[in-house]
1. Using the number of other C-beta atoms within 10 angstrom as an exposure proxy, rank Leu106, Leu267, Leu370, Leu184 with the fewest first.
2. Which of the listed residues, Leu150, Ala359, Pro413, is farthest toward the dipole's positive end in the chain, when Lys, Arg count +1 and Asp, Glu count -1 at the beta-carbon?
3. Measure out, as a whole number of angstrom, how far apart the alpha-carbon centroids of region 71-146 and region 26-58 sit.
4. Please work out the FRET efficiency for the pair Glu143 and Arg164, using the Cβ-Cβ distance as r and a Förster radius of 30 Å; give the result to the nearest 0.05.
5. For region 16-109, what is the convex hull volume of its Cα atoms per residue in Å³?
6. Quote the Stokes-Einstein diffusion coefficient, in whole µm² s⁻¹, for region 387-487, based on the Kirkwood radius over alpha carbon pairs, a temperature of 37 °C and a viscosity of 0.692 mPa s.
7. Taking a quarter of the surface of the convex hull around the Cα atoms of the chain, what do you get in nm²?
8. Applying the Karplus parametrisation 6.51 cos²θ - 1.76 cosθ + 1.60 with θ = phi - 60° to the phi angles of region 175-181, what ³J(HN,Hα) value in whole Hz is obtained for each residue in order, glycine and proline being reported as x?
Amino acid sequence: MPAYDVVVLGAGPAGTSAALRLAALGHRTALVERSDFPRPHVGESLSPGIGNILDYLGLPGLATAASGLSDLPGWLLWDDPEPRPILPEQRGPACMVDRARFDALLLDAARTRGVAVLQPARLLASERNGDTWRLTIRHGAAEMRLHTRLLLDATGRAGQRPRRRLPLSAETLSICARVEAGTLPHATHIEALPEGWLWGSPHPAGDYRIMAFVDPVNSLRPAARLSALLERSRLFNAAQGRVTAVLVRPATAHCDAEPWREGRIKLGDAAFALDPLSSSGVEKAMRFALQTVIAVNTLLREPTSTELAREFYEDRLTQAVITHGRWTAGYYARAFGMAEQPFWQARAKPWQLPSDGDASPWWERLRLALAEPASAESVDAPPLPPISALNDPVHAWNRPVALCPELRIVQVPCVIDDCVRRGAAVAHPALAHPVAFLAGVELVPLLDAVPVVGSLGQLVGQWADTVPRQAAVRMAGWLLQRGVLRLV
């Protein structure tokens, strides 16, 4: 009976990324995928951050290998009464890929790097015995049994049972279709309409893909609803009457009611499915999968740190939900002339969860976190400012510097050597959450020098013994802007 450290269910981008990284960390990893590849898949737009993730996995250029179309121009009709262009340099290195090929290339990389891939295969039964799972898998025509210490669920939206799914926003359907190349200009288009919104882009297969996002309640059939939207559209009107292959998919933002259970952890869309407005679902799913791997690696290497690993996982998931929810509601609220339309009113509301006496502790913590007022600071620390952000640097250089009295040093989960550790972090009213690292450098040891130096210039000079001088200047500017440091 094969024994593994981790079995991952689902070979989408999140599951395969997790399996790749776990194998790289030396863990015996199996990946169970129920479908043959290549398989068609909606969700073909990759946001700019995907490149960094693929580089981290040692797969540079994989998006391009998946027939990716990059440097596409765009047109946006959303927060202005007239369409405005979006230049490729404004969008960053986003691209459209053949998702079937992209997923297959990721899976091929997992095979070559030591992941045991079972495909087509599906989980028939699972039983927890002590600290081990016993799994019954149907692989092709045969049944097989596996032992594993941990089970990762990356089965996507389809993997969530309805009773465990927490809707975070108004229910949304996506209506997907395609038109022949040349029907619309070779550019990405996004348009807000009273009943929903439209997105479209050229596809590597040579045609043009269109997606409409609407309320699920309507007497019209999906094809008729899409036709009505195209008729009213200014950017997509030329596609009216020419669409084919109409499909309907759920697109509501939701999270799992209890994504971390003993020995079984969810990642990707199985844990948290984003609103499609961000067009970053693949990137965010892969990024959270890699954060989940850090928690899993901690569980496997240091079993006594289980609660710390879980705290790290749930903190990262909470931050992802809050950040995305606030950005999404704000962007829906910006749609020009739509404030009185029910579709837009429902989605411009802050995300919230109902109180439930039977809810898991995770549910209750997330509910309370969503109810808190938004901080002026984003959850992720913004980039360091340019050196010029220090106003009148010559004058400031010689002024004494001090720590803000409201600053506190707290202990939080931090990532050190691919494991979760307790580390010191800076808490301050201007920060949305405690900050342990700034530009990859531990922050608290740097601040320890503040009481023993005389001026800002001396502080930056001392920091320059540890980090490049320009980085030290930017870090000082970042801390001054937020009031963590003060000139006196």
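1. Values: Leu106 24, Leu267 30, Leu370 17, Leu184 21.
Neighbour counts put them in this order, fewest first: Leu370, Leu184, Leu106, Leu267.
2. Result: Leu150.
3. If we compute the Cα centre of each part, the gap is 4 Å.
4. Working: r = 27 Å, r/R0 = 0.89.
The formula returns an efficiency of 0.65 here.
5. Working: hull volume 10.9 nm³, N = 94.
Roughly 116 Å³ of hull volume per residue.
6. Numbers: Rh = 14.0 Å.
My calculation gives 235 µm²/s for D.
7. Values: hull surface 103.3 nm².
Average projection, Cα convex hull of the chain: 25.8 nm².
8. Karplus-based 3J(HN,Hα) across region 175-181 equals 10, 10, 7, 9, 9, 5, 4 Hz.
All of the numbers you see were taken from the coordinates with simple rules; none came from a lab. This is a predicted model, so every value here is computed, not measured. Because the Cβ atoms are built from the backbone with ideal geometry, glycine has one as well, and the counts that use them run over all protein chains shown.
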